[in-house]
């Protein structure tokens with residue numbers, strides 16, 4: 001099962017709420033459940049992109065609205081702290097029970113929260 005665009009948006013937003021967190025790579029495909037009203041060349045039925053750069057957060061938004069690309073994999077990087085890859089699956093349990101509590105705990109230990 002793929003992440004819904006809303007779930008990816010939520011994970012992206014939560015992760016990037018940390019000031020030094022970055023999206024350094026993502027893979028995306030043209031969404032079947034999402035089509036942007038501003039999509040360029042909407043007659044193209046299949047699209048897949050791999051993007052690697054420090055401005056991944058902004059590129060995801062551009063690709064979403066210009067080409068109806070939705071992420072299927074995102075690589076997050078927090079300098080000196082973490083690098084992790086989130087791939088397409090149904091991770092609601094994983095996110096709710098593992099990722100969020102772990103990040104909160106780590107941030108509390110560092111007195112960031």
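Fully extending the segment from residue 61 to residue 41 would add 5.5 nm, taking 0.36 nm per residue of separation and subtracting the current Cα-Cα distance.
As a rough guide to protection, the peptides 63-73, 13-23 ranked by mean Cβ packing within 10 Å, highest first, stand as 63-73, 13-23.
Every number in this text was worked out from the coordinates using simple rules, so none of it is lab data. Being a predicted model, the structure only gives us computed values, none of them experimental. FYI the Cβ positions are ideal-geometry reconstructions off the backbone, even for glycines, and counts take in every protein chain you see.
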